Structure formats: structure tokens, C-alpha cells
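The values are calculated or read from the model by the stated rules, or taken from the named source; none is laboratory data. Keep in mind that this is a model prediction, so the values were computed, not measured. All Cβ positions, even for glycine, are placed from backbone atoms using ideal geometry, and neighbour counts span all protein chains on display.
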Amino acid sequence: MVKAKRQYYAVDLFAGCGGLSEGFSQAGFDVVAQVEMDKWACETLATRHMYRELRKVGKGGLYNAYLKGEVSQSEIFDSFPGGQQSISLRVIQATLGDDGIEAVLERTDASRGFHGAPKIHVLLGGPPCQCYSVVGRARDPFKMENDGRHYLYKHYLEILEQLQPDFFVYENVPGLFSARVDGNKIFTKILGDFESLNPAYAVTPPLQRVSEDPAGYIINSADFGVPQSRKRLILIGYKKSLERKSRTIKNIFARLQRDASKNRVAGALTVADAIGDLPPLRPGQGSDGWLGPYFGRANGAYYKIMRRHSPGIVNHRARTHMASDLERYRFFIEHRLNGKNTTYLTDLIKERPDLAPAHNSLDTFLDRFKVQWWDKPALTITAHINRDGHYYIHPDIQQCRSFTVREAARCQSFTDNYKFEGPRTQQFKQVGNAVPPLLSRAVARAIRGELRKIYG
């Protein structure tokens with residue numbers, strides 16, 4: 001008799017469009033609740049759950065029809081009411097603090113009951129990180145010390161203490177290390193708060209080691225099969241009482257770092273690996289929804305991963321650009337093609353003073369125009385991409401434009417059937433704020449290995 005595989009359950013706070021959740025789902029976890037305040041991100045979460053619910057019952061073709069615009073969500077749920085109920089319980093649109101922790105916990109419990117989750121094994125979350133951003137603090141005369149978002153992690157702590165999962169994953173930007181409130185490092189306070197909970201949680205690796213080398217908590221997505229250089233702080237914590245059940249529980253993060261070292265030997269994926277098979281577009285071309293089926297075969301391994309279970313391409317529409325911006329894009333692309341490493345506005349203004357941007361801050365952010373080169377990983381995709389595309393210029397001079405949502409999503413390791421809902425600016429924002437699913441999947445697999453030891 002084949003023994004049934006044990007199911008592990010997770011809850012995701014500050015879920016965004018679901019990058020952390022997606023990685024855990026790919027690793028076999030059932031994410032029974034995702035708490036997110038943004039309307040359009042919640043719509044995207046619901047669409048992703050619809051994909052999984054339809055595949056469970058062998059109706060993946062119906063999801064493909066939705067991607068193509070042949071059927072609406074309401075038409076799908078008219079014939080599949082159970083799926084709609086499941087999704088409405090999983091996706092919790094709420095603002096932690098404003099809507100009350102108790103209300104969020106009640107809705108989480110309702111989803112647990114409906115989905116048969118006896119307990120939560122992992123709590124996920126990445127509180128908004130703008131107040132920890134080094135760039136953001138540089139712009140704020142008060143270094144963002146007065147920003148109320150510093151304390152959003154306390155809602156995370158409160159829910160952690162209530163749910164009492166075996167593990168937690170806390171994701172943020174590296175700038176969290178140097179952020180201060182009232183003159184004190186907030187990172188040290190956060191770690192101390194985890195230890196003081198009831199039950200107490202330990203963070204791996206131990207604080208003593210990292211106090212000398214804070215980089216020990218930072219990992220780069222490029223080391224986990226993501227075609228993007230994106231450094232993130234990842235805290236993996238566990239119930240201290242579990243140490244007697246697993247002698248290796250303290251080594252989860254060390255194993256992730258070893259895996260990263262092995263991957264670095266193989267070399268990072270590049271922009272060409274990520275988007276080289278997508279159809280070329282000129283500014284203004286493409287579609288915010290369904291663009292069409294693939295043309296040509298997926299010759300690269302990463303292309304095959306991205307195309308899996310997808311009938312074609314969505315969210316692939318190029319911005320329109322001012323003629324002056326297109327000339328600037330062309331300037332930087334041409335210089336690279338001619339062997340010149342020209343990246344700064346000063347270089348542009350020196351050779352082409354007629355292309356100097358018409359604003360008063362020319363002496364700051366001199367590298368505001370960045371081409372994402374074919375032979376390198378993409379630079380960090382951030383939510384700023386929803387404002388303009390200057391940091392994300394396509395390397396093909398024939399296309400001469402900024403990245404589309406799908407190109408940014410490919411660099412973040414979202415598969416092509418991951419549909420981002422809402423206006424294009426909201427789609428960009430969701431992608432830029434997300435955790436790369438392939439990075440999340442690596443973390444999930446490490447935790448799942450420990451859960452197997454704990455539960456036999």
C-alpha cells in the first residue's frame with residue numbers, strides 16, 4: 001500500500017501578487033490564506049488560484065480559454081461554484097492594522113476549516129520595504145525614521161504568535177540592516193522580538209554569527225535560477241521547541257547558501273535566457289491581455305519552464321515613449337554595441353547636449369537610463385518600473401523601448417500563464433514588488449525537507 005503524501009499548509013501576509021506563495025505552491029505546499037491590501041494584486045491572486053483549482057479537476061483548458069479572452073471568470077464559476085468559494089476564502093483583501101488582526105485571523109481560520117488544514121506549518125510574509133530602502137532614506141531628510149511602515153512587522157509578529165506555525169519566512173530588502181528608529185537598529189529589535197514570542201522562535205543562522213557579518217542573511221536570486229541580480233534579506237525562523245526533533249534544523253540557511261555556491265559555478269542566467277524567445281515589439285505594440293500563441297520552438301531550458309502549461313503570451317505590450325526618450329535609449333544601446341561602457345547622463349549630455357532631460361535634478365541618479373544587456377542577468381526589477389521604463393531598456397536597438405510586463409515577469413521567474421490583472425501600471429507594480437517564485441521555491445524545498453524529518 002502506497003502511503004499518502006503528507007500535506008503542509010502555509011499562510012502569506014503582505015502577499016502582493018503572490019511570488020512567495022507561488023514558490024511554496026510549486027514545492028507542494030497548500031497556501032490556504034493570502035492577506036493583501038491592494039485590490040489588483042488580490043485579483044491576480046484570485047486568478048492564480050483559479051488556475052490551480054481548474055487544473056485539480058482536469059479543466060486546465062478552461063483556464064487557457066480565460067487567458068485568451070474566450071470566457072470570463074463569472075462564466076467559469078457559474079459551472080464551478082466550489083472553486084469560487086475556495087478562492088474567496090483563500091484571498092483576504094485586508095490592511096493589517098486597519099482591519100483588525102482578529103478579523104484576519106477569523107477569515108484565516110475559515111479557510112483552514114474549508115480546506116482541511118489541521119494547522120499552519122509556515123507563515124510567509126514581506127512587510128512593505130520602502131522605509132528600509134537605502135534610496136528612499138537618501139531622499140528623506142528624516143531617513144524615514146518617522147515612517148509608520150517600520151512597525152508593520154509587529155502585525156506579522158502578532159499573527160505568528162497566534163498561528164504558531166513550525167516555521168516562518170520573513171523577506172525584505174538588505175537596507176533593513178541599516179534602518180534605524182529612535183536611533184536604534186530596527187533589525188536587531190526585530191530579531192529580539194522573534195525570540196521573545198510565546199512560543200519562542202529562533203532565526204537561522206544564529207544572530208551571534210551574523211552580528212559580525214550581516215551579509216549572512218542575504219541571498220541573490222541569480223544564484224537560484226532567476227535571470228536577475230536581486231539581493232534580498234531572507235529570515236527563516238523555526239519554533240525553538242523543534243530543535244529536539246531535528247538536529248539539522250539550524251542548518252536550513254546554510255544549505256541554501258551551499259546550493260547558491262553550486263549554482264554560481266554553473267553561471268547565472270541572462271536576459272537572453274529570459275526573454276530571447278518573446279515576440280519583438282515596437283513602442284505601443286502588443287497587448288495588456290492575450291497577445292497570441294507562441295511562434296517558434298522553446299530551445300532554451302528556461303524558456304521551457306516559462307512556457308509550461310501556457311497556451312501563449314499575455315501581458316506583453318510595449319509602452320509608448322516620447323521621441324526624446326527613444327533617442328536617449330538609442331544613444332546608450334549604440335554605445336554599448338560599439339564597445340563603449342556608457343551608462344551615465346553626464347556621458348549623454350557631453351556628446352548630445354540636446355538630449356539633456358528637462359528637469360532640475362541632473363546631478364542625482366545619473367544612471368537613470370539603464371539597458372538590460374543580453375549577456376548579463378537583469379538588474380533588480382523594482383516597483384519603480386510602473387512609473388517609467390528608463391531603468392529597464394530593452395537591449396535590441398530595433399525594438400528601442402522599455403520592458404513589457406511579461407519581460408519583467410520572465411526576469412522575475414513568473415511563468416507565462418501567470419496573468420497579472422488590472423491596468424498596466426498596476427501590473428508593473430505587482431511584478432516589481434514580488435519575490436521571484438524560483439527563489440521562493442528553493443526556500444520552500446529546504447523547509448519541506450525539515451518538516452519531513454519532524455513529522456516522519
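Kindly check whether there is at least one residue in the stretch 293-305 that is in contact (Cβ under 8 Å) with a residue 60 or more places away in the chain and closer than 11 Å to E407 by Cβ. Can you show your working first?
Within the stretch 293-305, the subset in contact (Cβ under 8 Å) with a residue 60 or more places away in the chain is 302, 305.
Those still in the list that are closer than 11 Å to E407 by Cβ too: none.
The answer is no, given that none of the residues of the stretch 293-305 is in contact (Cβ under 8 Å) with a residue 60 or more places away in the chain and closer than 11 Å to E407 by Cβ.
In the stretch 295-309, is there at least one residue being in contact with a His (Cβ under 8 Å, 6 or more places away or on another chain) and either farther than 22 Å from P436 by Cβ or β-branched (V, I, T) (or both)?
no
Residue check: is N263 modelled with pLDDT under 90, among the polar types (S, T, N, Q) and more than 24 Å from the chain's Cα centre (by Cα)?
On the way: modelled with pLDDT under 90: yes; among the polar types (S, T, N, Q): yes; more than 24 Å from the chain's Cα centre (by Cα): no.
No.
Residues are listed down the side, and each one gets a yes or a no for (1) over 29 Å from P174 (Cβ atoms); (2) surrounded by 23 or more Cβ atoms within 10 Å (Cβ to Cβ):
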| site | (1), (2) |
| --- | --- |
| F331 | yes, no |
| D347 | no, no |
| D354 | yes, no |
| K370 | no, no |
| D375 | no, no |
| L379 | no, no |
| H394 | no, yes |
| K429 | no, yes |
| P436 | no, yes |
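Looking at P199, P174, P214 in this structure, which one is modelled with pLDDT of 90 or more and either on the phi > 0 side of the Ramachandran plot or not polar (S, T, N, Q) (or both)?
P199
Condition check ((1) at pLDDT 95 or above; (2) aliphatic (A, V, I, L, M); (3) more than 23 Å from C17 (Cα to Cα)) across all residues:
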residue	(1), (2), (3)
E106	yes, no, no
S111	yes, no, no
S133	no, no, no
K143	no, no, yes
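Would you confirm, using the coordinates I've provided, whether R6 is within 20 Å of H115 (Cα to Cα), in a helix (DSSP H, G or I) and of a type in the set (D, E, K, R)?
no
Just checking, does the stretch 275-285 include any residue being at pLDDT 95 or above, of a type in the set (K, R) and closer than 30 Å to Y66 by Cα?
Yes, some residue in the stretch 275-285 is at pLDDT 95 or above, of a type in the set (K, R) and closer than 30 Å to Y66 by Cα.
Scan the stretch 219-272 for residues that are small (G, A, S) and in a loop (DSSP other than H, G, I, E, B) and report the count. Break it down stepwise before answering.
Step one: filter the stretch 219-272 for residues small (G, A, S), giving 221-222, 225, 229, 237, 241, 246, 254, 260-261, 266-268, 272.
Next cut, in a loop (DSSP other than H, G, I, E, B) only: 225, 229, 246, 267-268.
Qualifying residue count, the stretch 219-272: 5.
Do any residues in the stretch 324-336 that are over 15 Å from A356 (Cβ atoms) have Cβ atoms under 8 Å from those of residues that are part of a helix (DSSP H, G or I), where the two are at least six apart or on different chains, and which pairs are they?
H335/D347
Working only within the stretch 392-408, note down all residues that are touching a His at 6+ places or on another chain (Cβ under 9 Å) and either under 21 Å from G292 (Cα atoms) or in a helix (DSSP H, G or I) (or both).
Scanning the stretch 392-408 gives R401, S402, F403, T404, V405, R406, E407.
On the basis of being within 25 Å of T44 (Cα to Cα), free of Cβ contacts under 8 Å to residues at least 40 places away in the same chain and not assigned by TED's automatic domain parsing to the domain that holds A442, does G284 make the cut?
Yes: the conditions hold for G284.
Do we have R282 as under 25 Å from I447 (Cβ atoms) and not aromatic (F, W, Y) here?
no
So, C400, is that one outside the structural domain of K39 (by TED's automatic domain parsing) and buried (at least 24 other Cβ atoms within 10 Å of the Cβ) or not?
On the way: outside the structural domain of K39 (by TED's automatic domain parsing): yes; buried (at least 24 other Cβ atoms within 10 Å of the Cβ): no.
No, not satisfied.
Are any residues in the stretch 1-46 of a type in the set (A, V, I, L, M, F, W, C), touching a helix residue (DSSP H, G or I) at 6+ places or on another chain (Cβ under 6 Å) and over 16 Å from P165 (Cβ atoms), and if so, which ones?
C17, W40, A41, A46
Since C411 meets every condition but one in (1) surrounded by 18 or more Cβ atoms within 10 Å (Cβ to Cβ); (2) in contact with a helix residue (DSSP H, G or I) (Cβ under 6 Å, 6 or more places away or on another chain); (3) in a loop (DSSP other than H, G, I, E, B); (4) not β-branched (V, I, T), which condition does it not meet?
(3)
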